[in-house]
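Here the structure comes first, spelled out in structure tokens, and everything after it is commentary.
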Amino acid sequence: MYGDPLEIKLHGVNFLVYHGRSLDDVFAFSPSSETSRPENAMRLLLRARHLAPVFGARTIIAPAEEDTLVIDTPPDVFHAGHVHVFGYTKYRGTLIINSGTFQNQTMHQKSIGINPTPGIAAIVNLSTLEIIEKNFSEITIQHNLPHI
């Protein structure tokens, strides 16, 4: 188990992995952002160079000597997933990915207007940072297998 956020280097690629709780604040305070395009809200976090740029709203920030939510060095890949909506984009050389989910819409998500995108995953080519979308919802399963 690692903390949140996490900076990690895999095969020479710098990742910033963050749950994404502060995206709720970005949606609430930025009229140009919407839950159906979380990658655009993540772009705003990169532009602000902070993972929770809104203070005193929904995101609880613990007092500490060092602010671990500051983005000192832009990562190669910035990944979050809080809203369960798949999306990706690039911003100034950083690949931004928001994960989808494998769960259908919950009652809570419905009550706040979030339509998750179940079954879609991102496969990242670490040499080129190109994305391949894999939609597991479109895979058919053959049920009439022989009994052994």
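When every residue of segment 86-107 is checked against the conditions, none turns out to be touching a Ser or Thr at 6+ places or on another chain (Cβ under 6 Å), farther than 22 Å from Ile8 by Cα and either surrounded by 14 or more Cβ atoms within 10 Å (Cβ to Cβ) or not charged (D, E, K, R) (or both). Checking each residue in segment 12-44 for being part of a loop (DSSP other than H, G, I, E, B), crowded, with 18+ Cβ neighbours inside 10 Å and over 12 Å from the mean Cα position of the chain (by Cα) picks out only Ser33. Failed condition for Val77, given (1) of a type in the set (Val, Ile, Thr); (2) modelled with pLDDT of 95 or more; (3) surrounded by fewer than 15 Cβ atoms within 10 Å (Cβ to Cβ), with all others met? For Val77, the failing item is (3). Being of a type outside the set (Val, Ile, Thr), surrounded by fewer than 18 Cβ atoms within 10 Å (Cβ to Cβ) and closer than 15 Å to Pro5 by Cβ is true of Ala48. Of the numbered criteria (1) at pLDDT 95 or above; (2) in contact with a Lys or Arg (Cβ under 9 Å, 6 or more places away or on another chain); (3) not small (Gly, Ala, Ser), the one His82 fails is (1).
Would you check if Ile123 is surrounded by 10 or more Cβ atoms within 10 Å (Cβ to Cβ) and under 16 Å from the mean Cα position of the chain (by Cα)? No; evaluated as a whole, the condition is false for this residue.
The values are calculated or read from the model by the stated rules, or taken from the named source; none is laboratory data. These figures come from a predicted structure and were not determined experimentally. Every residue, glycine among them, receives a Cβ derived from its backbone with ideal geometry; neighbour counts consider all protein chains shown.
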